[in-house]
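One structure is given here, and the rest of the page talks about it.
The values are calculated or read from the model by the stated rules, or taken from the named source; none is laboratory data. Remember, it's a predicted structure, so these values are computed and weren't measured experimentally. Every residue, glycine as well, gets a Cβ built from its backbone with ideal geometry; the counts of neighbours run over all protein chains shown. Just so you know, the surface numbers come from the protein's heavy atoms only, side chains and all, with ligands and any DNA or RNA stripped out. Shrake-Rupley method; radii C 1.70, N 1.55, O 1.52, S 1.80 Å.
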Amino acid sequence: MKHKSACILILVCLIFSACSSSKKINTSSDELPASSLKPYGRFLMNDKGIELISSAVHFGFSFTGKKCTLYAFINDAAGYNYLQYELDGVYQKRIKVMGGAVQQIILSANSNGQHTVEIYKATEATTGPIFIQKITGDKLHAIKPSDAPLIEFIGNSITCGAAADTSEYKCGEGEYHDHHNAYYAYGPRVARALNANYTLSSVSGIGIYRTWNMDSPGMPQVYEKARLISDDTTMWNFKMYSPKIVSIALGTNDLSHGDGVHARQPFDSTVFVKDYISFVQLVKSKYPTAKIALLSSPMINGNDRILLQNCLTTIKQNVDALYPSGKPVALFFFEPMHAGGCSGHPSVEDHAILAQELLPFFKNLLND
């Protein structure tokens, strides 16, 4: 009888031990640390978590059940920033991330079962980074980006999707980044339509050799910096990605007439062409096999539109001559647009029109 009791006691202990082990496994799987995520775009991994930098930098994960929680924060205690997300392949909304403390953002689904989430940074690098600390939920798994071809979109506020979204704040209300919507900018739209990967290296107000109202910095001065700002001491690791196409859409701000406050010299086409050629050479030094595409501006009309197109044609001719055995530079000239966003920028709806214009162009480049 004692032997039987001892056996029962051992069996109970084994069952309890198994249950405890199972519980530990489930607990650990209910938290997905930032280090396990696989973001795509400009980001840095540090002791704070993932530092999301560039417009539309994104990462994906799956969970089971009806909800999960995203832990995010920003450095500016008095500021705020924006994320946006897809749930099961359907765009949902922008999310305001407030400063001051780690924010627990609950993402909810209408039904149980497995769900996929894609998180995007809605704003640009100069708005400041958003840090992702971890995700909690049930049966969490990080989603690895596909091996689809990559398009890198270099540009200004248009490429950022800045001043495009008036769904929450009307033009003239709120702060500049209250109208950002990188998810619906033309670049991500084009890439999604073509099942391509994408990154955005874009800065509002920037040009090739000057900004919209100042003499510097131009894109060549910030492109190699991880955070796309001139005083950043961290350099971007260009070995991270290997784009098939690099799209460059700059010139709008070089041709700007300024703000009426700072001294503004007339547009210098000679400097513009020379610096643009040098910048293309810089890009080619990072990505020797990439196809280079130069885009004009939908915000420039009249004589300035013709001037920009002539400059881009000259740049193509010069770059092609410098690399006779390389892939020829491709040119795309937007149709004139009366933009409906804020301060003369394309709206979310306008970006859909721009993307439709660009689709055949990029489809041909991907298939070439």
Testing PRO328 on (1) within 19 Å of ILE154 (Cα to Cα); (2) in a helix (DSSP H, G or I); (3) open to solvent by 50 Å² or more (accessible area, probe 1.4 Å), one condition comes back false. Which one is that? (2)
Residue under question is SER297, and the condition is that it be touching a residue at least 60 places away in the same chain (Cβ under 8 Å) and open to solvent by 50 Å² or more (accessible area, probe 1.4 Å); does it hold? no
Pairing a residue in the stretch 175-188 that is under 21 Å from LEU294 (Cα atoms) with any residue that is crowded, with 24+ Cβ neighbours inside 10 Å and of a type in the set (Lys, Arg), where Cβ atoms lie under 8 Å and the two sit 6 or more apart in sequence or on different chains, gives ALA182/LYS121
Helices (runs of 4 or more DSSP H) enclosed by the stretch 143-234 - at least 3 residues per element that are surrounded by fewer than 24 Cβ atoms within 10 Å (Cβ to Cβ): 186-193, 219-222
Keeping to the stretch 68-95, report how many residues are open to solvent by less than 70 Å² (accessible area, probe 1.4 Å) and in a strand (DSSP E or B). 17
State yes or no: is LYS239 open to solvent by 10 Å² or more (accessible area, probe 1.4 Å) and either closer than 19 Å to GLY344 by Cβ or hydroxyl-bearing (Ser, Thr, Tyr) (or both)? no
Starting from residues that are open to solvent by 50 Å² or more (accessible area, probe 1.4 Å) and out of contact with any helix residue (DSSP H, G or I) (no Cβ under 9 Å at 6 or more places or on another chain), keep the ones in the stretch 305-314 and report whichever is farthest from GLN356 (Cα to Cα). ILE306
Extreme residue, least open to solvent (accessible area, probe 1.4 Å), among residues of the stretch 31-44 that are hydroxyl-bearing (Ser, Thr, Tyr) and more than 17 Å from ALA125 (Cα to Cα): SER36
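Any idea how many residues of the stretch 273-289 are farther than 27 Å from HIS257 by Cα and surrounded by 20 or more Cβ atoms within 10 Å (Cβ to Cβ)?
Filtering the stretch 273-289 for residues farther than 27 Å from HIS257 by Cα gives 281-289.
From what is left, the residues that are surrounded by 20 or more Cβ atoms within 10 Å (Cβ to Cβ) are 283.
Selection size over the stretch 273-289: 1.
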Please enumerate the residues belonging to the stretch 44-92 that are without any contact (Cβ under 8 Å) to a residue 60 or more places away in the chain and either at positive phi or of a type in the set (A, V, I, L, M) (or both). MET45, ILE74, ALA77, ALA78, LEU83, LEU87, ASP88, GLY89, VAL90
Which of (1) in contact with a helix residue (DSSP H, G or I) (Cβ under 9 Å, 6 or more places away or on another chain); (2) closer than 20 Å to ASN156 by Cβ; (3) among the hydrophobic types (A, V, I, L, M, F, W, C) is the odd one out, the single condition PHE238 does not satisfy? (2)
So which pairs qualify, if the first residue must be in the stretch 278-291 and of a type in the set (Phe, Trp, Tyr), the second must be part of a helix (DSSP H, G or I), the Cβ gap must be under 7 Å, and the two must be at least 6 apart or on different chains? PHE279/MET219; PHE279/PRO220
Looking only at the stretch 45-67, and only at residues there that are within 24 Å of ASN197 (Cβ to Cβ) and open to solvent by 40 Å² or more (accessible area, probe 1.4 Å), the one that is modelled with the lowest pLDDT: ASN46
Could you say whether any residue in the stretch 99-114 is open to solvent by less than 60 Å² (accessible area, probe 1.4 Å), more than 21 Å from HIS177 (Cβ to Cβ), in contact with a strand residue (DSSP E or B) (Cβ under 8 Å, 6 or more places away or on another chain) and in a strand (DSSP E or B)? yes
